[in-house]
Amino acid sequence: MTRIAVTFSRPHGRYNRGEVAGFDKPAADRLVAKGIADLYRKIDESAAQAAAEQAGRARFEAAVEARVQAELERRLAAPAPAPQPPAETPGGDTPETADTGKAAAARTGKAG
């Protein structure tokens, strides 16, 4: 006699929700008709996991692309900043010409 696998959708007798059991066709049909169980459908877990990873990867790539596009549009829409004159240091030098570091400390007698 052929057995039909069912997955219990609620507790029934000694079976808990989510458990899988095999019954003869009339008993399985009764359980399904009463809403106690559903016909069991085996899912290839590796294929399901691969599909979920692919979907997650596609969502991630779409989100990154949207953020990059939004940032690009924001930068293109913003006006270019006006050039600033170089700031002067207390000694009158610009940062590019200021004498800094150990050599300057040795000449001035200040240890940093």
In nm, spacing of pseudo-spin labels at Ser9 and Ala80 (7 Å Cα→C-beta vector) | 6.6
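Beta carbons within 10 angstrom, averaged per residue: use that to sort the peptides 71-84, 15-28, highest first. Working shown, then result.
Working: 71-84: 7.3, 15-28: 13.4.
In decreasing order of mean packing, 71-84, 15-28 become 15-28, 71-84.
Quick note: the coordinates plus some simple rules give every number you see, no bench work behind them. All figures in this text were calculated on a predicted structure; none of them were measured in a lab. Here the Cβ is made from the backbone with ideal geometry for all residues, glycine too, and neighbour counts use every protein chain on show.
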